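These notes concern the structure reproduced below.
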Amino acid sequence: MRYASTYDKSGASVVAELRGDLLVPLAGLTELGGSSTAEVLAAAERRSEDAFPAVGAALRPVVPNPAKVICIGLNYKAHIEETGRSDSDYPVLFPKFASSLAGPFAELELPAESHQIDYEGELTVVIGKPGRRISEADAAGHILGYTVANDISMRDYQYKTHQWMQGKAWDACTPVGPYQVTPDEVDVTAQRISTTVNGEKVQVSSIDLLIFSIPRLIATISEFATLNTGDLILTGTPSGVGHRRTPPLYLKSGDVVSVEVTGVGTLRNTIA
């Protein structure tokens, strides 16, 4: 199944299930997040009489207010090589905030303070079952679904220090969506990820090339923090980022950036 956080025909916030080319609101649910477990989503009444077209719908970040947004750096070997860094036996981790997120088709007003604005297409995991110290063997049972993100990065701010947060957590600069896709709908290890800028493909990879698998990431993160329903894990970007190109390819006003994960979805944003 595919779910979205969106607005119904009256403008009220709703969770909706994608059925064909229509979005069907779920009674009693205003957004995906901490209370929208798999059981709650399955049991919710479908308001079929209030369905509306998916095309043109104003989609919110798929989980608008997650308690945690945890991002993974350097999780594809080719990306490590293009950065000139060395492999590690432990993933690079950094946070974002709920305020960092943007809708999957939103116009992104990027900051005037940065002059090195970059794209990073990423597969994203939505946690569905809380847990601490989750084993890799049990990790699949804690996944509610998958979605797509663009970890837009302000490189000149990112590299001001050896910590990355100031280049990664700008308000409303990380689009996430369009849908939360349940694991029974897609085998993510068999999918491909790609990013395009103004129609030119700039990133392409197979998801199975992740260095740290999704179960490994869930196990590693849950060692030090409880993962809760609605938490997001951005699993890392493949090679081809603009900062490492010659010459660099930075985003500018008017650019259109798309990220697709086959079987999961595509987000598309215009740079304001």
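The values are calculated or read from the model by the stated rules, or taken from the named source; none is laboratory data. Keep in mind it's a predicted model, so treat the numbers as computed, not measured. Cβ coordinates were reconstructed from backbone atoms using ideal geometry, including for glycine residues, and neighbour counts include every protein chain displayed. Surface accessibility is based on the protein's heavy atoms, side chains included, excluding ligands, DNA and RNA. Shrake-Rupley method; radii C 1.70, N 1.55, O 1.52, S 1.80 Å.
Select from the range 186-212 the residues that are among the β-branched types (Val, Ile, Thr) and free of Cβ contacts under 8 Å to residues at least 12 places away in the same chain and list them in ascending order. Talk me through it step by step, then tell me what you get.
Going through the range 186-212, the residues among the β-branched types (Val, Ile, Thr) turn out to be 186, 188-189, 193, 195-197, 202, 204, 207, 211.
Selection gives nothing.
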So, first residue closer than 10 Å to THR174 by Cβ in the range 97-110, second residue modelled with pLDDT under 95 and open to solvent by 30 Å² or more (accessible area, probe 1.4 Å), Cβ within less than 8 Å, six or more apart or across chains; the pairs are LEU108/ALA272
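So which of PRO183, PRO178 ends up being surrounded by 14 or more Cβ atoms within 10 Å (Cβ to Cβ) and free of Cβ contacts under 8 Å to residues at least 60 places away in the same chain?
Numbers: PRO178 fails: free of Cβ contacts under 8 Å to residues at least 60 places away in the same chain.
Of the residues listed, the single one that is surrounded by 14 or more Cβ atoms within 10 Å (Cβ to Cβ) and free of Cβ contacts under 8 Å to residues at least 60 places away in the same chain is PRO183.
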Residue count for the range 44-59, restricted to those that are more than 25 Å from ALA172 (Cβ to Cβ) and open to solvent by 60 Å² or more (accessible area, probe 1.4 Å)
4
If you go through the range 220-231 one residue at a time, do you hit one that is surrounded by 19 or more Cβ atoms within 10 Å (Cβ to Cβ) and touching a helix residue (DSSP H, G or I) at 6+ places or on another chain (Cβ under 6 Å)?
no
